[in-house]
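Nothing in this text is a laboratory measurement; each read-out follows from the coordinates by a stated rule. Note that the structure is predicted; figures quoted are calculated from it, not measured. Neighbour counts run over all protein chains shown; Cβ positions are idealised from the backbone, glycine included.
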Amino acid sequence: MNRRTFLGFGLGAAGTGLLAACAGGAPVRAPASLSTAKAWDAAGFHAARRYLPSAFGEIAVVERGRGPAALFLHGFPLNSFQWRGVMAALEGERRCIAADFLGLGYTRVADGQSVAPAAQVEMLAFVLDTLGVDSVDLVANDSGGAVAQLFLLKYPQRVRSLLLTNCDVEPDSPPPALMPVIEAARRGRFAEDTFPPQLADKNFARSAKGIGGQCYTYRYQPSDEAIDTYFTPLVESARRKRLTDAYALALDPNPLAGIEAGLRRSRVPVRVVWGTGDDIFSPASPDYLDRVFPNSRGVRRVEGAKLFYPEEFPQLVAEEASRLWESV
């Protein structure tokens, strides 16, 4: 099975062919301001984490860098480790902040707390308030992109810019490919059947039937330590398995229903960077976003890149973010 059921199922350098293709054949030159700092390994990521006590639970947060704040929203079923390379590249320009969503990663969810996208929005607002941050540049992937759009509508004054990679949009949320995941979660079997086999066999996780083959561009991704960092907390207890299933269940019905009119009124600068190898989300979605946002700065397509490409090509994402920020 593949990520269409999600039940079968590092940080690599981008291949020169793919980078040349996504730049129209020209070499990609990152802005001079990008940092060459080393990305965290798993030990560094765990050491950097702190927890913010709240009514939502204890929110797992990592930070690096200084300057105006940028907030990074990870995909499903990942956590903030996804952004380690991008945050390292941008630490010279921004105070880079990433929080693990309720129900995913290392956030410790309070009893009875919703893990639906609307609750994620309020949790992120709490994080910013606690950290003394008034406004941010948002960078998001996958279901994090849905949360980013909802955050923009709820707190428009807190968003300076928005960079969206492959993610939900109102006409494609949840995407049809995710429906078997949601059905498995309804049976209470998604977390239990999905993650232990991949933790036990990392090569299986990177196979065509695992997260690697379905969501990463290169078959050597994700690394062993990334698999452990992403999946271990999701199945560490029966309660965590239920929360992981609850995260999937909260994606249906469509949490973005009815938001298009609000997005059309937004004046926030938006850039879309879309991997064309993704078979989870519709290939029509980046053009939809480009039409809907009045202040769209256009679409960049990354030829052949799959859903979680921001982890594989952090310099590319950092380059796009830096140039968007310079234009604001």
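I want the antiparallel fraction of DSSP beta bridges within the chain, as a percent rounded to 5. Intermediate results must be reported in sequence, preceding the final value.
Details: 12 of 34 bridges.
Percent antiparallel among DSSP bridges in the chain is about 35.
Considering all alpha-carbon pairs of region 38-149, what whole percent are spaced by more than 24 angstrom?
Summing the P(r) of region 38-149 above 24 Å gives 15 percent of all pairs.
Just the Kirkwood number for the chain, please: inverse of mean 1/r across all distinct Cα pairs, in Å, one decimal.
After inverting the mean inverse Cα-Cα distance, the result is 19.4 Å.
When the Cα atoms of region 105-231 are enclosed in a convex hull and the volume is divided per residue, what value in Å³ results?
142 Å³
Largest first and in whole Å, give the semi-axes of region 170-310's equivalent ellipsoid, each being the square root of 5 times a Cα gyration tensor eigenvalue.
Working: eigenvalues 180, 81, 29 Å².
So the three semi-axes of region 170-310 are 30, 20, 12 Å.
Tell me which of I280, G258, F231 sits at the most positive position along the dipole axis of region 210-328, charges placed on C-beta atoms (Lys, Arg +1; Asp, Glu -1).
Of the candidates, G258 comes out farthest on the positive side.
Check the straight Cα-Cα distances from K202 and name the lysines below 23 Å, setting aside those fewer than 8 residues away within the same chain.
Straight-distance partners of K202: K241, K306.
Over all pairs of distinct alpha carbons, what does the Kirkwood formula give as the hydrodynamic radius of region 271-328, in Å?
About 11.9 Å for region 271-328.
Under a point-charge model restricted to the Cβ atoms of Lys and Arg (+1) and Asp and Glu (-1), what is the dipole moment magnitude of region 16-327 relative to its Cα centre, in debye to the nearest 20?
420 debye
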